[in-house]
Amino acid sequence: MADFTKRHMIATAKIICSVGDNNTRAHLANEFGRMFAADNPRFDWARWETACLRGAIQERPGSKLRPIAGAGELGLQVQTAVKQLGKER
């Protein structure tokens, strides 16, 4: 049984897609993606990258992309945290 649910992945994608810096967003998407893929053998990298890098969720292959709701509020908190981490290094 997987430790992470779809709800966890969507919440994480909301945070990642709201990060302003493209390189940081790609790095976070890759790191969390590896963690989720290790946890779930059915993990879909294409859907994950679309969610994190384009800010959209595709429920099923071939279906329309829909924006991730609520990414903006969480993004501000994440961007602040990422900037703070950069200052500490």
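The values are calculated or read from the model by the stated rules, or taken from the named source; none is laboratory data. Predicted model only: the values in this text are computed from it and were never measured. Every residue, glycine among them, receives a Cβ derived from its backbone with ideal geometry; neighbour counts consider all protein chains shown.
Odds and ends about this structure:
- From the list Leu74, Leu53, the lone residue that is modelled with pLDDT under 90 and more than 23 Å from Asp3 (Cβ to Cβ) is Leu53.
- Checklist (1) in contact with a Lys or Arg (Cβ under 7 Å, 6 or more places away or on another chain); (2) modelled with pLDDT of 85 or more applied to Ala37, failing item: (1)
- Among the residues of the stretch 3-53, those that are outside any helix (DSSP H, G or I), touching a residue at least 24 places away in the same chain (Cβ under 8 Å) and either touching a Cys at 6+ places or on another chain (Cβ under 6 Å) or exposed (fewer than 14 other Cβ atoms within 10 Å of the Cβ) (or both) comprise Asp3, Gly20, Asp21.
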